[in-house]
Amino acid sequence: MTSALSGRSAEILATLTRLRAADAPTRGGRVLSYVYDSGLAELDELAAEAIRIMQPVNGLDPTAFPSVAAMERDIVRFARRMLHGDDVVGTVTSGGTESCLLAVKTARDVWRAAGGTGTPRLLAPVTVHAAFSKAAQYFDLELDLVPVDAGGEVGPECLTERFGPDVALVVVSAPAYPHASLDPVAQVAAAAADAGIAVHVDACIGGFVLPWWAGDADPLPAWDFAVEGVTSVSADLHKFGYAPKGASVLLHRGRDRHRAQYFATRRWPGYPVVNATMLGSKSAGALAAAWAIIERLGESGFAELAASCRRSTDAVTAAVQAIDGLRVVGSPVGPLCAVATDDSVQEDRRVDPHHWADSVRQRGWLLQLQPGLVQSDGTRLPHTTHLTITPVTESVLPGLLSALTSAADEVRGVSAASAADVVAGLPAGFGDALAALGTRTDQLDSAEASALLNSLGLGIRDGGPVLPERMAPLLALLESLPAPLTERLLVELLAGLTEP
Ligand SMILES: *Cc1c(COP(=O)(O)O)cnc(C)c1O
């Protein structure tokens, strides 16, 4: 086949390739978050070809492009069979966040249609994904976050005792992202069914791996549509469905609930608009890739990949438990876990998880730092480091385990930066700038916010972000400043990245 590309186009693609070279490696298991590598080169090629075939299609209108509806039907059929929901219906969305947003919007509208008035409440453990905080903000619900225990777990009664007529939706996770805790779905859903409250199970990360996670001898507690009171489930195709980014499924029990997800209008002078999702015109690329991967893998393919994740996760968690001064938080379910300091050993043997992550990073592996959190009841969840294991991990396991161990040896006994130390260590310019703002720290304008970032030595220079070599001090800083202020500074930092 001769290429239709001119010399100029080839140059443009070379530029793109050069830009990509600066990105975190998306294949090979070096990045233990963000990317989900099946380890199967064929799947990547299959996905790329599927995207190419569907490239010009507009997913907006499945009547003009019936291929879109056909692929979506197949994906929904597969997902609902895996999630024990033979009678459920659903939609392919652009990702976990869109699935979560739509689950909340749908529940709010169903609640209103049933007579709910005033501000509806969204009830969930504090470990629920931040997408639900976004949903509450976008769709004007009150977010009611329930504290969890030190293992990231929540007793069902902590949720059910807060049930009331204003609760439009309770969200539980399978598992929750921060510590991989599997929420008590069955108990919460039973009580919610009695109270007439909708229950969403956020299985964005677990949806395409937990169905094959446990053996028949040691099954997981039921967490999907097998539980009667569960009204919707989200499961990301672009996580353990191994699809490229841009695909997730949202399933609802009952057609009427699904229909409440839609937006339709003929009250404008243009074409009648009927959208199942938030976007209008949209790519069908990720949908096609996800469809092709499901066709290729089938149930047995997913089962094999899940088994590989399981073996690697067991190896990683055992290795971490064996490291003096670190511990795995709680009882993780699925191919992910959080690691914290083991406070039960003497101080000089403790390992701070963020210093550890920085040291692991110098060895070429990227872990994800999670800040600590003071919950609404005053209890404190410690800062942790998150690892997500994918099938590719098994092929690089010895290197990973040795990096985890030697990194811990390097930073053992180095204490975490305390909030007081961090604040005391801030440059004088920052303190002065902050003092000048007084109590207005959550209403900074862009000039004030970027001045604060600059005084911290952060910000944008020469078109790129200035970020510290080590992330632990930055996370400690995040934790020590008031949340609205850090949120505003993060907005300024990220917004600056795309400013021409
Ligand atoms: C990833 C994730 C989400 C959000 O999904 P995106 O695809 O990143 O938008 C929601 N919930 C859980 C549990 C997740 O792991």
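Restricting attention to region 343-354, the residues that are part of a helix (DSSP H, G or I) and basic (Lys, Arg) total 1.
Kindly indicate the residue of region 262-282 that is closer than 29 Å to residue 227 by Cβ and in contact (Cβ under 8 Å) with a residue 40 or more places away in the chain and also farthest from the chain's Cα centre (by Cα) among those meeting that condition. Among those that are closer than 29 Å to residue 227 by Cβ and in contact (Cβ under 8 Å) with a residue 40 or more places away in the chain, it is 276.
Inside region 391-457, counting only helices (runs of 4 or more DSSP H) that do not spill past its ends, which hold 1 or more residues that are under 26 Å from residue 36 (Cβ atoms)? Please lay out each step first, then the result.
Values: elements: 397-411, 419-424, 428-437, 446-455.
In region 391-457, 397-411 are the helices (runs of 4 or more DSSP H) which contain 1 or more residues that are under 26 Å from residue 36 (Cβ atoms).
Give the residue that is surrounded by the fewest Cβ atoms within 10 Å (Cβ to Cβ), with candidates limited to residues of region 161-188 that are under 24 Å from residue 330 (Cβ atoms) and over 22 Å from the mean Cα position of the chain (by Cα). If we take residues in region 161-188 being under 24 Å from residue 330 (Cβ atoms) and over 22 Å from the mean Cα position of the chain (by Cα), then 161 is surrounded by the fewest Cβ atoms within 10 Å (Cβ to Cβ). Here is a list: 52, 80. Which entry is touching a strand residue (DSSP E or B) at 6+ places or on another chain (Cβ under 6 Å) and among the basic types (Lys, Arg)? Step by step, each of 52, 80 is checked, and only 80 is touching a strand residue (DSSP E or B) at 6+ places or on another chain (Cβ under 6 Å) and among the basic types (Lys, Arg).
Residue count for region 216-249 under the criterion of being in a strand (DSSP E or B), of a type in the set (A, V, I, L, M) and within 11 Å of the ligand (Cβ to nearest atom): the result is 1. In region 35-47, the residues that are farther than 18 Å from residue 236 by Cβ form Cβ pairs under 7 Å with partners that are basic (Lys, Arg), at six or more places apart or across chains, as follows: 46/296. Of the residues making up region 214-243, just one is farther than 23 Å from residue 104 by Cβ, crowded, with 22+ Cβ neighbours inside 10 Å and either of a type in the set (D, E, K, R) or out of contact with any Ser or Thr (no Cβ under 9 Å at 6 or more places or on another chain) (or both), namely 243. When 315, 303 are checked against the criterion of being more than 25 Å from residue 184 (Cα to Cα) and not in a strand (DSSP E or B), 315 stands alone in meeting it.
Return yes or no: is residue 265 surrounded by 21 or more Cβ atoms within 10 Å (Cβ to Cβ), more than 16 Å from the ligand (Cβ to nearest atom) and of a type in the set (Ser, Thr, Tyr)? No; evaluated as a whole, the condition is false for this residue. Screening the candidates 259, 255 for the property of being touching a residue at least 40 places away in the same chain (Cβ under 8 Å) and more than 22 Å from residue 181 (Cα to Cα) yields one hit, 255.
So is residue 357 part of a helix (DSSP H, G or I) and either touching a strand residue (DSSP E or B) at 6+ places or on another chain (Cβ under 7 Å) or crowded, with 23+ Cβ neighbours inside 10 Å (or both) or not? Yes: the conditions hold for residue 357.
Put simply, of 132, 78 the only residue that is within 16 Å of the ligand (Cβ to nearest atom) and either in contact (Cβ under 8 Å) with a residue 60 or more places away in the chain or part of a loop (DSSP other than H, G, I, E, B) (or both) is 132.
Okay, residues lined up against (1) touching a residue at least 40 places away in the same chain (Cβ under 8 Å); (2) away from the ligand (no atom under 11 Å from the Cβ):
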position	(1), (2)
162	no, yes
169	yes, yes
174	yes, no
180	yes, no
186	yes, yes
200	yes, no
211	yes, yes
214	no, yes
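Looking across region 86-121, just one residue is more than 14 Å from the ligand (Cβ to nearest atom) and either closer than 23 Å to residue 179 by Cα or of a type in the set (Phe, Trp, Tyr) (or both), and that is 111.
Cβ-Cβ distance below 6 Å, separation of 6 or more or different chains: which pairs start in region 94-107 with a residue that is of a type in the set (Lys, Arg) and end on one that is more than 8 Å from the ligand (Cβ to nearest atom)? That search, which allows pairs on different chains as well, returns 105/139. Confirm whether residue 289 is part of a helix (DSSP H, G or I), within 16 Å of the ligand (Cβ to nearest atom) and closer than 18 Å to residue 75 by Cβ. When the stated conditions are applied, residue 289 passes them. Residue count for region 135-160 satisfying the condition of being more than 16 Å from the ligand (Cβ to nearest atom) and surrounded by fewer than 16 Cβ atoms within 10 Å (Cβ to Cβ): 7. For residue 191, the stated conditions do not hold, so it cannot be described as under 26 Å from residue 243 (Cα atoms) and surrounded by fewer than 24 Cβ atoms within 10 Å (Cβ to Cβ).
Of all residues in region 443-477, those being free of Cβ contacts under 8 Å to residues at least 12 places away in the same chain and in contact with a strand residue (DSSP E or B) (Cβ under 7 Å, 6 or more places away or on another chain) number 1.
A short reminder: the numbers here are calculations on the coordinates, not readings from a lab. No experiment lies behind these values; they were computed from the predicted model shown. Note that each Cβ is placed from the backbone with ideal geometry, even for glycine, and that neighbours are counted across all protein chains shown.
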